[in-house]
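The structure under discussion appears below in the form of structure tokens.
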């Protein structure tokens, strides 16, 4: 480094925060070294200039004085941040309570409509009818046989099957095989 | 504030020897500030006790007499109490408090400006002198008076940096400036102070 140090670089040397190049220059350049020495001398003299120390009793009196002046003051403004979630919750509750029930979202489930088509609620765990491979088999069997009443009376497949003749059982087995092959 | 928090604040207020202690002291101070924000006077008394000496000395270096320094330091704490509800902890409490005190001093000085003789930003360079003896009370007063003649920003920078040993970053926060400006002001403050002291000595018999 050949140029003299800038003011900031001189201060960095004084405070032992200078880069290596700055320190090397200050140690080799008489002009910069003199400027740093002048700053250091002034800094040391300034540091030695003490403020007169009041008596120890003064500090108690000082605190009392501050306390008296504060006592005459209104209480400090407190942060109201804790009110925000409380007010937000209260507002949400008020909106929910004041809102009229919507027709499309009844509070109580309505009875299913009296139609012949099965209505599968959106929340049903069953697969949709068009994806259920077992439905065509049962429908074909029940419709073909004309015995839907047996299901409606709750006798189920076992009871229904027990009442079939040999030919009817054979026809059922054939129908099931065909339906299975179609589904696959 | 909980009893435990207050005990921490009392016990560790001056314990800054180790990093762990410093962290605990900062935590305790945050507890104290939180208690003050809830309106607890006792917690504020602890903060006054902790910082009263520093704030008084800061004010004294501005006004160079005990009566005004006492009034200004009390004003600074009163303003801190009024505003503590708005303290968000973006800076440390001490930095925030120093800023309040410096502003109080600057306002005080502005009111008394016609009575004070403030220097221009740069003085002509005197002949160098090399002695650095221990200062007597008389010499200390002379240095303080010379500091009092520095331009405002230079004086504030020198007081905070030299007598309160704050970092450049902390001084910049307090004065609302940049680190570069702080360094520049400190450099010029030391240069002007040197010239002022040399000039005073030339005038002495």
ask   = Which members of region B:155-182 meet the condition of being assigned to a helix (DSSP H, G or I) and under 14 Å from residue A:43 (Cα atoms)?
value = B:155, B:157, B:158, B:159, B:160, B:161, B:162, B:163
inquiry  = Testing residue B:148 on (1) at the interface with another protein chain (Cβ under 9 Å from one of its Cβ atoms); (2) modelled with pLDDT under 95; (3) under 19 Å from residue B:101 (Cβ atoms), one condition comes back false. Which one is that?
reply    = (1)
inquiry  = With the requirement that a residue be surrounded by fewer than 13 Cβ atoms within 10 Å (Cβ to Cβ) and within 20 Å of residue B:188 (Cβ to Cβ), what does region A:18-43 give you?
reply    = A:31, A:34
remark   = Counting only residues in region A:1-32 that are part of a loop (DSSP other than H, G, I, E, B) and closer than 17 Å to residue B:168 by Cβ, the one farthest from the chain's Cα centre (by Cα) is identified as A:6
Flag for residue A:24 being more than 8 Å from chain B (Cβ to nearest Cβ), closer than 30 Å to residue B:137 by Cα and free of Cβ contacts under 8 Å to residues at least 24 places away in the same chain = no
request  = Give the residues of region A:27-41 that are more than 21 Å from residue B:180 (Cβ to Cβ) and at the interface with another protein chain (Cβ under 9 Å from one of its Cβ atoms), sorted by residue number.
outcome  = A:34, A:37, A:38, A:40, A:41
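The values are calculated or read from the model by the stated rules, or taken from the named source; none is laboratory data. Treat the numbers as computed from the prediction; the structure is a model and nothing was measured. No Cβ is skipped: glycine too gets one built from the backbone with ideal geometry, and neighbour counts run over all protein chains shown.
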